[in-house]
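Have a look at the structure below before the remarks.
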Amino acid sequence: MGQPQRKKLDKTLKPHWVWAIAFGSAVGWGAFVLPTDWLAGNGPLPVVIGFLLGAILMTVIGVSYGFLIKQFPVSGGEFAYAYIGFGRTHAFVAGWFLTLGYICTVALNSSALALLGKFLFPSVVKIVPLYTIAGWDVYLGEIIISTVTLIVFAFLNIRGASFSGRSQFIFTMVLLSGVILLAIGAIVSDQATASNMQPLIDPSKPAIASILAIVAITPWAYLGFDNIPQAAEEFDFPPNKAFKLIVYALLAAGLAYSVMVLTVSSLAPWQELAGSASAWATGDAIDSIFGRLGIFIIATALIMGIFTGLNGFYLSSSRLMFAMGRARVLPQMFHRLHPKYNTPYVGIIFTSLLCLIAPWFGREVLLWIVDMSSIGVTIAYFYCCATAFRMSNSKVQKTFATLGIISAATFFFLLTMWFLDSSLSAPSYIALAVWAGLGLLFYLFKQKEYNAIPRKELNYLITEKEEIPQNK
């Protein structure tokens, strides 16, 4: 069989850049904006336990990622793994839902920068009020901020993986410095006390319910560690190092979330912070204790978190679409590489164009879609672990894969059981139904062409191997 054209990406990503892509994408802006939201109805202790437990569950899932990256260091991540384990239809399902998760996260990061602008420079951002959607006032100023941010980071990612990888590491180091400085400030401050954290658990509901509510959001909170398999084709180091990078990224992310929650809850009684009507209650708490210096530190860290999220998810969404285009699931234009920078620029531009629509609908509507996309992430986790189970001959690996499958299923049920606090909202269910319906229509449209590709050819396009070794 003559081999079809299979374009490859340059191997330019260094280990510490890849770690920064995973960690920076996983932490992002949430650690600096949402602590007061997480404290509401939960209390500091369940939040910290929930995040650390989530990091452990993600690490269990990460074992399967490490195993598959070592065997198949190609772009596409879960799309490729679902194909390897279960065939082309399952690959489409994993790729379809994961693409939405990545693109939504790019859009949400750009809107977070506008949210910060509303807090720091309201007179500048709140110019030309347009309309209100789902209780969110949309201003032309925030649309401009989001638009410029999306275009700038699209350009930076087109410039090359090495450029974005180096930038990501710098952004991540500044972000970590911000977390450490705020924690030190809380420790040495007379006003920040452990008594503000009391009661450690909200007495209005069982502690286990509070912990599970936080565990349920960890697929979204730690989304970003799976940018590592999306970048696997571009490693300039042996792929067997990937698992260590995943573990280091998840542990660091879990600690960063926990430190920020404990820091914020020590600044004032957490019930007051959780009940605040402020657009950025976390920023208010920092300002009340540390003044403008504190605001400068947390704002800088927040901006770096936004930048790392934009950088990381532009990379992963474009690599996923590149892999799907290479497999002819998506139109062939997604398989094109930039003539100068050798980057999958079509996927980057496509992500940017879709995200440019989001600011016009307001942040509340975007949050509905992002919440729904957590379902897609758990589906991708499931496929990865199930494929690792089928491909491995090791009892230890199979055990971890089984635990990963159980973890992914647990996340799925926590999000879909309507009687739980962790369940999706009604608008998110509607968004999920719409996206699933669009995926079904697109698949029916492409099915004949996609299924006509010979098995060996598709193996080669997705994995660079004509034969995929199966578990005996």
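Structure values in brief
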item: Residue satisfying all of: in region 417-434; buried (at least 17 other Cβ atoms within 10 Å of the Cβ) and among the polar types (S, T, N, Q); modelled with the lowest pLDDT among these; result: Ser422
item: Residue match in region 303-311 (condition: polar (S, T, N, Q), touching an Asp or Glu at 6+ places or on another chain (Cβ under 8 Å) and closer than 30 Å to Thr463 by Cα); result: no
item: Members of region 375-391 found to be at pLDDT 90 or above and either more than 13 Å from Tyr81 (Cα to Cα) or in contact with a Ser or Thr (Cβ under 6 Å, 6 or more places away or on another chain) (or both), listed by number; result: Cys384, Cys385, Ala388
item: Number of the condition not met by Val125 [criteria: (1) open to solvent by 20 Å² or more (accessible area, probe 1.4 Å); (2) free of Cβ contacts under 8 Å to residues at least 40 places away in the same chain; (3) on the phi < 0 side of the Ramachandran plot]; result: (1)
item: Criterion (touching a helix residue (DSSP H, G or I) at 6+ places or on another chain (Cβ under 8 Å) and closer than 25 Å to Trp368 by Cβ) met by exactly one of Ala194, Ala213; result: Ala213
item: Hey, Leu302 open to solvent by 20 Å² or more (accessible area, probe 1.4 Å), aliphatic (A, V, I, L, M) and modelled with pLDDT of 90 or more or not; result: no
item: Number of positions in region 336-350 that are open to solvent by less than 40 Å² (accessible area, probe 1.4 Å), within 17 Å of Val152 (Cβ to Cβ) and not in a helix (DSSP H, G or I); result: 1
item: Region 445-468 residues that are at positive phi, paired with ones that are open to solvent by 70 Å² or more (accessible area, probe 1.4 Å) and of a type in the set (Lys, Arg) (beta carbon under 9 Å, 6 or more apart); result: Glu464/Lys8
item: Some residue of region 351-366 being modelled with pLDDT under 90 and polar (S, T, N, Q); result: no
item: Candidates Phe334, Phe307, filtered to the one that is within 14 Å of Tyr102 (Cβ to Cβ), touching a helix residue (DSSP H, G or I) at 6+ places or on another chain (Cβ under 8 Å) and among the aromatic types (Phe, Trp, Tyr); result: Phe334
item: Any chance Met333 is open to solvent by 10 Å² or more (accessible area, probe 1.4 Å), assigned to a helix (DSSP H, G or I) and modelled with pLDDT of 80 or more; result: yes
item: Scope region 199-208; condition open to solvent by 30 Å² or more (accessible area, probe 1.4 Å), touching a residue at least 24 places away in the same chain (Cβ under 8 Å) and not basic (Lys, Arg); matching residues; result: Pro199, Leu200, Ile201, Ser204, Ala207
item: Set Gln447, Gln397: member being over 22 Å from Leu223 (Cβ atoms), surrounded by 16 or more Cβ atoms within 10 Å (Cβ to Cβ) and at pLDDT 85 or above; result: Gln397
item: Scope region 435-444; condition open to solvent by 70 Å² or more (accessible area, probe 1.4 Å) and in contact with a helix residue (DSSP H, G or I) (Cβ under 9 Å, 6 or more places away or on another chain); matching residues; result: Leu438
item: Matching entry among Leu320, Leu315, Leu414, Leu353 (being part of a helix (DSSP H, G or I) and open to solvent by 50 Å² or more (accessible area, probe 1.4 Å)); result: Leu353
item: Spans of helices (runs of 4 or more DSSP H) in region 12-112 with at least 2 residues open to solvent by 10 Å² or more (accessible area, probe 1.4 Å) and under 22 Å from Leu255 (Cα atoms); result: 15-27, 35-39, 44-71
item: Per-region count, region 113-124, residues part of a helix (DSSP H, G or I) and either modelled with pLDDT of 85 or more or farther than 30 Å from Gly347 by Cα (or both); result: 6
item: All positions within region 372-394 that are open to solvent by less than 30 Å² (accessible area, probe 1.4 Å) and among the small types (Gly, Ala, Ser); result: Ser373, Ser374, Gly376, Ala380, Ala386, Ala388, Ser392
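Residue by residue, here is whether (1) in a helix (DSSP H, G or I); (2) at pLDDT 95 or above; (3) open to solvent by less than 20 Å² (accessible area, probe 1.4 Å) holds:
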position: Asp137; (1), (2), (3): no, no, no
position: Phe163; (1), (2), (3): yes, no, no
position: Ile187; (1), (2), (3): yes, no, no
position: Ile211; (1), (2), (3): yes, no, no
position: Pro229; (1), (2), (3): yes, no, yes
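The values are calculated or read from the model by the stated rules, or taken from the named source; none is laboratory data. Because the structure is a prediction, the values reported are computed rather than measured. So basically every Cβ, Gly included, is an ideal-geometry build from the backbone, and we count neighbours across all protein chains shown. With ligands, DNA and RNA removed, areas are computed over all heavy atoms of the protein, side chains included. Shrake-Rupley method; radii C 1.70, N 1.55, O 1.52, S 1.80 Å.
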